[in-house]
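The values are calculated or read from the model by the stated rules, or taken from the named source; none is laboratory data. The structure displayed is predicted, hence computed values, not measured ones. Cβ: placed from backbone, ideal geometry, glycine included. Neighbour counts: every protein chain shown. The protein model used for the area step is the full one, side chains on, heavy atoms only, and it has no ligands, DNA or RNA in it. Shrake-Rupley method; radii C 1.70, N 1.55, O 1.52, S 1.80 Å.
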Amino acid sequence: MNKITAAITAVGSYVPEDVLTNQMLEEMVETNDEWITTRTGIKERRILKDPNKGTSFLGIQAAKDLIEKNNIDPLEIDMVIFATTSPDMPVAATGVYTASQIGAKNAFAYDLQAACSSFLYGMSTAASYIESGRYKKILLIGADKMSSIINYRDRATCIIFGDGAGAVLFEPNTENLGLQDEFLRSDGVGRDFLKIEAGGSLLPASKETVENGKHYVQQDGKTVFKFAVSNMAEVSQKIMQRNSLAAEDVNWLVPHQANKRIIDATAKRMNLDDKKVLMNIQRYGNTTSATLPLLLSDFEKQFKKGDNLIFASFGGGFTWGSIYLKWAYNS
Ligand code: UT7
């Protein structure tokens with residue numbers, strides 16, 4: 001019998017309707033379109049404005065998109081992994097609520113948090129469960145309502161992030177398609193440079209923490225940028241080398257969308273042509289856990305069965321890594 005590999009067999013996505021443009025940010029903080037565009041590549045992002053809707057809403061819409069487009073019976077889903085850094089609530093996993101809302105009554109579910117690498121790590125987790133033979137259909141959702149944890153008076157962060165969600169289905173494959181290799185890393189040195197300081201066990205929420213804005217994302221952008229450029233490029237090059245992939249063997253780079261300059265540096269190190277580098281940062285900004293599945297959804301029609309995709313991410317923690325996956329279907 002052929003080896004069981006874990007393939008992506010369906011994708012879906014959702015972004016909210018409301019658009020936050022660079023011009024609108026000019027009215028909110030001291031910044032300008034030219035600075036944001038040249039430093040990050042971002043022109044606009046989507047924002048979920050309804051204060052009564054959390055990240056689960058985004059994830060549910062993306063999952064429903066996948067289910068409806070591909071005619072999936074939710075009762076057949078064995079497991080839901082919800083990759084997010086902005087759960088609806090600290091306790092009561094967002095994935096559990098989401099699974100119930102989409103009718104995945106036979107699934108068990110949980111959340112996975114690794115900042116901007118949540119989805120990438122989730123791919124590894126989902127694939128391992130499939131390869132084990134224990135489960136047949138795993139829904140991996142990446143969703144974040146970043147606008148709920150961003151300070152719109154802090155120009156170092158508010159220009160970067162946006163809201164969105166994507167979902168993929170992992171299933172067993174016997175043609176050796178799907179996940180081929182992964183190289184995942186983390187380093188706790190990162191927690192000083194990208195964090196939400198309050199609201200956890202170390203510094204529980206209080207009047208003071210809220211008054212001092214410690215419930216918002218804080219980032220030392222310059223330091224994170226340096227780590228991101230070198231590490232994302234290094235792991236992407238490493239995964240190519242150890243799978244004997246030359247630049248011409250790689251069909252697509254699927255990189256985390258944090259900053260166009262980080263993506264360009266990674267592609268350059270891999271010696272990749274621009275047209276193989278997937279990018280939608282100009283429209284969505286950094287949607288954290290949603291960047292990778294949103295790319296898959298936006299570019300799905302261009303992928304061919306057997307294409308070699310390299311995923312790469314870098315995020316808070318620090319967390320980063322690269323995954324080599326063979327695409328399993330033609331749209
Ligand atoms: O996805 C999770 C991981 N996160 C990332 O990968 C983000 C990594 N970091 C970055 O993408 C970049 O560091 C930023 C986009 C956040 C900032 O870009 P930068 O090129 O590193 O800018 P900087 O912080 O070095 O600031 C350069 C200048 C400073 O002015 P001076 O000191 O040179 O006079 C800043 O005060 O730009 C100023 N500045 C701004 N100006 C206009 C900083 N933010 C802004 C702004 N608008 N929003």
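Note on segment 247-331: the alpha carbon radius of gyration divided by the globular reference 2.2 N^0.38 Å gives 1.03. Projecting label points 7 angstrom from Cα along Cα→Cβ for Asp249 and Asn106 puts them 3.9 nm apart. Pairs Lys69/Lys238; Lys69/Lys260; Lys238/Lys260; Lys301/Lys326; Lys105/Lys136: which are spaced more than 24 Å apart, C-alpha to C-alpha? Lys69/Lys238; Lys69/Lys260, as the Cα separations exceed 24 Å there. In segment 139-236, the C-alpha radius of gyration followed by the widest Cα-Cα span (Dmax) gives 17.7, 57 angstrom. Take the Cβ atoms of Ser230 and Glu197, set R0 to 30 Å, and the FRET efficiency comes out at 0.70.
Residue ranking by accessible heavy-atom surface, 1.4 Å probe, largest first, among Leu296, Leu112 comes out as Leu112, Leu296. For the chain, DSSP calls about 70 percent of its internal beta bridges antiparallel. Hydrophobic, long helices, defined as DSSP H runs whose alpha-carbon span along the helix axis is 27 Å or greater and whose mean Kyte-Doolittle value is at least -0.5, occur in the chain at 221-242. When a 1.4 Å probe is rolled over the protein heavy atoms, the share of accessible surface on the chain that falls to carbon and sulfur comes to 48 percent. Across segment 133-194, C-alpha contacts under 8 Å between residues 6 or more apart give a mean separation that, scaled by the residue count, equals a relative contact order of 37 percent.
Using only the Cα atoms of the chain, what semi-axes does the equivalent ellipsoid have when each is the square root of 5 times a gyration tensor eigenvalue? Give whole Å, largest first.
Largest first, the chain gives 29, 24, 18 Å.
Per-residue surface analysis assigns Glu26 an accessible area of about 70 Å², computed on protein heavy atoms at 1.4 Å probe radius.
Between Arg153 and Gln302, what is the FRET efficiency for a Förster distance of 35 Å, r being their Cβ-Cβ separation, to the nearest 0.05? Using R0 = 35 Å, I get an efficiency of 0.30.
Could you tell me what percent of the DSSP beta bridges with both partners in segment 18-143 are antiparallel, to the nearest 5?
Around 25 percent of the beta bridges assigned by DSSP in segment 18-143 are antiparallel ones.
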